[in-house]
Amino acid sequence: MEIYELNYPNRVSIDQEGQYSLAIGFFDGLHKGHQTVIQKAIDKAKELEIQSAVMTFNPHPSHVLGDGKNKVGYITPFEEKVTVLQSLGVDVVFVVKFDKALASLSPEQFVDVFIKKLGVKHVTAGFDYSFGAKGAGTMNDMERLSNDMYGTTIVGKVIDQEDKVSSTRIRILLSEGKVEEAAILLGRNFRTIGTVVDGDKNGRKLGFPTANILPPEDSILPLNGVYAVQIIIDGKKYDGVCNVGVKPTFEKGQQQATVEVHILDFDEDIYGKTVAVEWIYFIRPEKKFDSFNALIEQISKDKERAKELLLER
């Protein structure tokens with residue numbers, strides 16, 4: 001898979017010319033709805049015998065527009081997004097820098113610069129995709145502006161038993177600790193990729209050594225609590241029990257949530273390694289205990305519960 005980084009107005013083309021069937025959107029989460037859009041673009045590429053491509057944007061518009069108070073956390077930070085796109089079989093990814101210069105383009109300018117000049121022969125997007133300044137352009141406009149230079153496919157709502165599959169809905173589920181439901185909408189387990197860093201070693205003092213994982217900046221974490229997880233280290237999966245939160249039982253406490261995984265049947269030095277935590281089951285919310293003995297007793301129960309849940313999978 002080839003990746004091209006574009007930005008307006010400095011880099012709006014690539015050296016290698018091609019023809020593309022393009023899926024376009026921000027695609028945070030790359031959930032089942034997004035996968036439907038991308039698969040249709042891949043199918044159209046095969047039909048037209050051209051390359052399949054995805055155009056996404058970085059950072060999220062909420063990080064650029066407004067006063068920054070409504071910044072959206074990422075379900076799939078950029079590195080994870082690339083990994084998932086590769087697994088879907090996409091040939092080319094265009095990553096367009098989202099900044100105020102891009103946000104000021106009219107729909108007509110956007111189409112001229114990022115669709116026609118790139119050699120796009122077909123555009124696929126969701127029914128609610130918008131583009132151009134203040135989101136003025138719709139997929140109907142995308143079709144109208146084509147001048148027969150490209151075709152379009154509009155993908156309708158992808159719904160499950162309850163509602164539309166959306167990134168917003170997944171963020172809400174994660175904020176409630178509902179990682180199992182989020183996994184259904186994502187089509188895979190929700191993952192946090194991060195680096196193992198040196199911690200305060202509270203877990204080791206309690207008899208449950210943990211890997212302290214630093215997640216990417218601006219990525220979202222599930223509700224503070226304890227989860228049955230699987231952690232991927234050097235391509236191999238291990239079962240574990242994870243606490244995400246501010247560790248209220250300890251005197252210092254903290255403001256920033258941390259991710260700490262006690263890996264079952266594992267005793268290796270993994271400091272500095274990049275690992276992935278897959279959140280499988282929610283066990284309980286985080287709470288403050290009256291004593292360390294009470295905390296140790298509960299951690300033992302959490303560990304056994306995680307073992308049971310992961311064994312039942």
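A short reminder: the numbers here are calculations on the coordinates, not readings from a lab. The structure displayed is predicted, hence computed values, not measured ones. Ideal geometry is used to build each Cβ from the backbone, glycine not excepted, and the neighbour counts take in all protein chains shown.
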(request) List Leu185, Leu65, Leu30 from most exposed to least, where exposure is judged by having the fewest other Cβ atoms within 10 Å. (result) Leu65, Leu185, Leu30
(request) State which entries of Lys81/Lys164; Lys71/Lys307; Lys69/Lys97; Lys44/Lys237; Lys32/Lys116 exceed 30 angstrom in Cα-Cα distance in the structure shown. (result) Lys71/Lys307; Lys44/Lys237
(request) Report, in deg cm²/dmol and to the nearest 500, the calculated mean residue ellipticity at 222 nm for the chain, where each DSSP H run with n ≥ 4 adds -39500 (n - 2.57) and the sum is divided by the residue count. (result) -8000 deg cm²/dmol
(message) Take Gln16 and Arg313, extend 7 Å from each Cα along the Cα→Cβ direction, and tell me the distance between the two endpoints in nm.
(response) 3.6 nm
(message) To make sure I understand, if each residue's beta carbon is the centre and we count other beta carbons within 10 Å, what order do Val64, Val179 fall in, fewest to most?
(response) Val64, Val179
(request) Just rank Thr138, Thr83, fewest to most, by other beta-carbon atoms within 10 angstrom. (result) Thr83, Thr138
(request) With the convex hull built on the Cα atoms of the chain, state its orientation-averaged projected area in nm². (result) 18.0 nm²
(request) Could you quote the convex hull projected area for the range 1-116, Cα atoms only and averaged over all directions, in nm²? (result) 7.5 nm²
(request) Round to the nearest 10 and give me the degree value, 0 to 90, for the angle of helix 32-48's Cα axis relative to the longest principal axis of the chain. (result) 40 degrees
(request) Report relative contact order for the chain in percent, whole number only (criteria: Cα-Cα under 8 Å, sequence separation at least 6). (result) 16 percent
(request) Calculate how many DSSP beta bridges within the chain are antiparallel, expressed in % of all such bridges and rounded to the nearest 5. (result) 60 percent
(message) Nothing charged except the Cβ atoms of Lys and Arg (+1) and of Asp and Glu (-1): what's the magnitude of the dipole of the chain about its Cα centre? Round to the nearest 20 debye.
(response) 480 debye
(request) Give me the number: length gained by fully extending Ala133 to Glu297, i.e. 0.36 nm times residue separation minus the C-alpha to C-alpha distance, one decimal in nm. (result) 53.4 nm
(request) Give the angle, between 0 and 90 degrees and rounded to the nearest 10, that separates the Cα long axis of helix 292-312 from the longest principal axis of the Cα atoms of the chain. (result) 50 degrees
(message) If each residue of separation counts as 0.36 nm, what is the full-extension length gain between Glu47 and Thr168 once their alpha-carbon separation is subtracted?
(response) 40.3 nm
(message) At R0 = 45 Å, how high is the FRET efficiency between Lys97 and Asp265 if r is their beta carbon distance? Nearest 0.05 is fine.
(response) 0.50
(message) With θ taken as phi - 60° and the coefficients 6.51, -1.76 and 1.60, list the Karplus ³J(HN,Hα) couplings across the range 175-185 in order, rounded to whole Hz; mark glycine and proline as x.
(response) 5, 9, x, 8, 5, 5, 5, 4, 4, 5, 6
